[in-house]
1. Which of the residues spanning region 200-245 are open to solvent by 70 Å² or more (accessible area, probe 1.4 Å) and under 13 Å from ASN189 (Cβ atoms)?
2. Of all residues in region 366-381 being among the small types (Gly, Ala, Ser) and out of contact with any Gly (no Cβ under 6 Å at 6 or more places or on another chain), which is surrounded by the most Cβ atoms within 10 Å (Cβ to Cβ)?
3. So, ILE29, is that one more than 18 Å from LEU130 (Cβ to Cβ), modelled with pLDDT of 95 or more, open to solvent by less than 50 Å² (accessible area, probe 1.4 Å) and part of a loop (DSSP other than H, G, I, E, B) or not?
4. Inside region 274-292, can you point out the residues that are modelled with pLDDT of 95 or more and either of a type in the set (A, V, I, L, M) or touching a Cys at 6+ places or on another chain (Cβ under 6 Å) (or both)?
5. List the residue pairs whose Cβ atoms are under 9 Å apart, where the first residue sits in region 113-133 and is more than 21 Å from GLY28 (Cβ to Cβ) and free of Cβ contacts under 8 Å to residues at least 40 places away in the same chain, the second is in a strand (DSSP E or B) and open to solvent by 20 Å² or more (accessible area, probe 1.4 Å), and the two are 6 or more positions apart or on different chains.
6. Among the residues of region 439-450, which ones are crowded, with 22+ Cβ neighbours inside 10 Å and either out of contact with any helix residue (DSSP H, G or I) (no Cβ under 7 Å at 6 or more places or on another chain) or free of Cβ contacts under 8 Å to residues at least 12 places away in the same chain (or both)?
7. So which residues in region 86-112 are within 12 Å of ALA24 (Cβ to Cβ) and free of Cβ contacts under 8 Å to residues at least 60 places away in the same chain?
Amino acid sequence: MALAYDAPARTEAAEGPSVAILGAGVAGICTAIKLKEKGLTNFTIYEKASEIGGTWRENTYPGCSCDVPLHMYQFSFDMRPDWTKKYVFAADIKAYLESVVDKYGLRGNIRFNTEIDDARFDEQTGIWTLKSGDRSFEANVIAAGTGQLHRPVWPNIPGRETFKGDSWHSAQWNHSVDLKGKRIAVIGNGASAIQFVPEIAKEAGSVTIFQRSASWVLPRPQREFFGWEKALYKALPWTMNIQRWKTYWFGELLFRTFHTSGDKLKEAAIEEMNLYVSDPEKKRKLTPDYEPGCKRVLFANDWWPTMGMDHVDVVTEGISEITPAGLRTKDGKERAFDIIVYGTGFDTTHFLGPMGVKGLAGRELKEAWATGAEAHHGMTVSGFPNFFLLYGPNTNLGHNSIIFMIECQANYIRQCVEKLKNDNLLYIDVKPEAQRASNEAVQADNANSVFASGCTSWYKTESGKVTNNWANYTFKYWWMTRRPNFAEFNLRARTASAQGAAAGGMQVAAAE
């Protein structure tokens, strides 16, 4: 047995504590840039796949796009003038992120095909040991940017493996299958289905949507930018910020909908449906029975025209089983299909997924989150020192751009890493009372919002605790996180015997 090092050790004094960033999606990329711009270059990004991009790499289904206007869905510090449309497709965002990684010189810091499945903290050395299969790495700090929308959920329906046709989850799209003339069953009608159903309906012989609950769907004001707009953005880049702030404040106004009556949104959605759907029974099935925002409000221009098509049907009867030829519903009726597409969403409430995390005294994070995930400002958990979450508990939004929240978090984490370096600290650990106060405030906001109303959604655990959403203005989140309050943390000074981990992550490997 011997130790093998991937990179020479560099001193913490020069480059700061070593930081393991988990995930090369929006959050991981942003954190790396924020660290690097302050000279904190002692970081490694661990990416499970062979490419960067996060959810924009994973989701390639037809029509996949972002429903946030692009001026709010790009980094505020890297606005681009060459976009062609107000709302862009997944491939456009992926290309943007690729270019950002290259522009800021991050590729040399990324370990691809390295999914961290375990992390354990040593209180004496202040070092996290991370494992990926049989490989081990070390770091002083973990910044987990693994996201909420990348672990597909498959429905627990008997007989799923018996189906003789083609089937796949929307997040694992099989582009090799010809859809022309096929009988396609779609299970689920959430944010992904809203986008891919209109696309597959253009080719399919029939599309049948098996719906558990309807969605509130509003038109998306898509348009192409005029030539003079692009020329203006290129000549005067600051004008892009004007558009960004207009979009931002519109989103903040939309937030009020989640605390007041959603009648205006209902009227707009129903009016749009009535323009295209004439069948009274189909209208009834497609009209939600809950307040807008309890489940995610969706934006699409082609959903309602598609719902008006004769070869597109909606079934609300529950599915009892999947058969070799198709699906059988609980009323005993069996329908034959060539293809089944599962638009059943993601595992969102189990943050970090199957990854094991052990903090002080070997306490497991899953144990700390037994009643539902929570974190101080959505980022730190008491008893897990030097461990930070991005897009963590209660930081998802229903009214604005998650990139705004991620930038707040990346700035906060960077300041914490600077604190560790400048004060020669072994670790910082948020106090339990600070975490409790933060969570109580968040849950009080959620209790007064539509997120906590009667429907079932991916925002909540099975017990009804809202673990995903931030139910307040985003400028309030910015104000709270603009500077860490280190009085809310236990700070442990470094001693001569406690040495930090090597930069870039020391790898421990068995050698013959």
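The values are calculated or read from the model by the stated rules, or taken from the named source; none is laboratory data. None of these values were measured; they are calculated from a predicted model. In this analysis, Cβ positions are derived from the backbone assuming ideal geometry, glycine residues included, and neighbour counts consider all displayed protein chains. With ligands, DNA and RNA removed, areas are computed over all heavy atoms of the protein, side chains included. Shrake-Rupley method; radii C 1.70, N 1.55, O 1.52, S 1.80 Å.
1. Residue satisfying the conditions is ARG212 alone.
2. ALA373
3. no
4. LEU275, VAL277, LEU286
5. Within 9 Å, the pairs are ASP122/THR129.
6. VAL442
7. The answer is LYS94, GLU98, ARG107.
For (1) within 30 Å of GLN243 (Cβ to Cβ); (2) modelled with pLDDT of 95 or more; (3) in a helix (DSSP H, G or I), each residue gets a yes or a no:
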site: ALA373; (1), (2), (3): no, no, no
site: PRO393; (1), (2), (3): no, no, no
site: ALA410; (1), (2), (3): yes, yes, yes
site: SER438; (1), (2), (3): no, no, yes
